[in-house]
1. What about SER168, is it at pLDDT 85 or above and more than 22 Å from the chain's Cα centre (by Cα)?
2. Would a scan of the range 34-44 turn up a residue that is without any contact (Cβ under 8 Å) to a residue 12 or more places away in the chain, small (Gly, Ala, Ser), under 30 Å from ALA158 (Cβ atoms) and loosely packed, with under 13 Cβ neighbours inside 10 Å?
3. Counting just the residues of the range 159-175 that are of a type in the set (Lys, Arg) and in a loop (DSSP other than H, G, I, E, B), which one comes out surrounded by the fewest Cβ atoms within 10 Å (Cβ to Cβ)?
4. Checking the condition closer than 30 Å to ASP185 by Cα and part of a helix (DSSP H, G or I), which residue from ASN92, ASN126 passes?
5. Scanning for something touching a Phe, Trp or Tyr at 6+ places or on another chain (Cβ under 8 Å), closer than 21 Å to MET107 by Cα, in a loop (DSSP other than H, G, I, E, B) and not assigned by TED's automatic domain parsing to the domain that holds ALA99, does the range 230-237 turn up at least one residue?
6. Do we find that PRO141 is at pLDDT 85 or above, part of a loop (DSSP other than H, G, I, E, B) and within 25 Å of the chain's Cα centre (by Cα) in this structure?
7. Go through the range 176-191 residue by residue and tally those that are closer than 15 Å to PHE235 by Cα and in a helix (DSSP H, G or I).
Amino acid sequence: MPLNRQDLDHLERRELHLTILAAGFVLIQAIGLAAFMYPTVFDHPEDPRKWTLRVAFVGFCVLMLLFVGYLLDRQRTVRKLKQQVLLEIERNVELRQQANVDLLQSMPDVHHFWDRLTMEVRRALNDQHSLALLLVQSTAPKNSAKDMNVVWGDAAKALSRKLRATDSIYRLSPDLIGLILPEADSEDAALILFRLEEELKAVRSKHGATFKLHVYNYPADVQSAHELTDIVKGFLPEQSEWAIEGSSAGDLRG
């Protein structure tokens, strides 16, 4: 299980507490032992072993100071390692988010969607097969455009993981993604819808965004291509950059 910032902060605090406890324990023991050694070393100047004892005493004190310094340096090293790990985690998160945004930006747009929908509707009519259309709509309009690109990038990656080889996904507008599911009846569409909702749970909890999923099945829910077209148009904004091409819409109506 990967560590997050909270886990690393907890580990750093725990390491700091242990370092302080160890340093305090060593200092108390060293001061106590030095206090008992001091009279023996310095209060008997006639003792022939006085220089040996004094060197040992000074060496003991220096050794304790070095040990405490080692503990403090170890704590500083742990802190630096934690900062490096956090930087690496943030870098990996940014790379994953950028990859998801690139995936989102490389998705076919609404114009390709109309061409594919036209072809799939005609195929369903000729072969008497079913067709499912799934629309994923964002309900987090307060986020900035950059934040929504990150959210939609994660959502697009989550949705793509559960698609079949014959399914296709399109970005119809800044807050709408469409999925065309050929030869999917009502039961198949419901199963796919359930799987996609499960995938989007992680995106909801990560970004605090919410999504609405709408599924329409031909011929169970709609009886004509005209009805399917009007449903999709009802979800599209009126901005020119997301407008429907007249020729594609006309072909679909026909």
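The values are calculated or read from the model by the stated rules, or taken from the named source; none is laboratory data. Note that the structure is a prediction, hence the values are computed from the model and not measured. All Cβ positions, glycine included, derive from the backbone under ideal geometry; neighbour counts span all protein chains shown.
1. Answer is yes for this residue.
2. No.
3. ARG164
4. Unique residue meeting the criteria: ASN126.
5. Yes - at least one qualifying residue is present in the range 230-237.
6. So PRO141 does not fit the description; no.
7. Selection size over the range 176-191: 0.
Residue-wise test of (1) surrounded by 15 or more Cβ atoms within 10 Å (Cβ to Cβ); (2) in the same structural domain as GLN128 (by TED's automatic domain parsing); (3) on the phi > 0 side of the Ramachandran plot.
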{"site": "ILE180", "(1), (2), (3)": "yes, yes, no"}
{"site": "GLU183", "(1), (2), (3)": "yes, yes, yes"}
{"site": "SER186", "(1), (2), (3)": "no, yes, no"}
{"site": "GLU198", "(1), (2), (3)": "no, yes, no"}
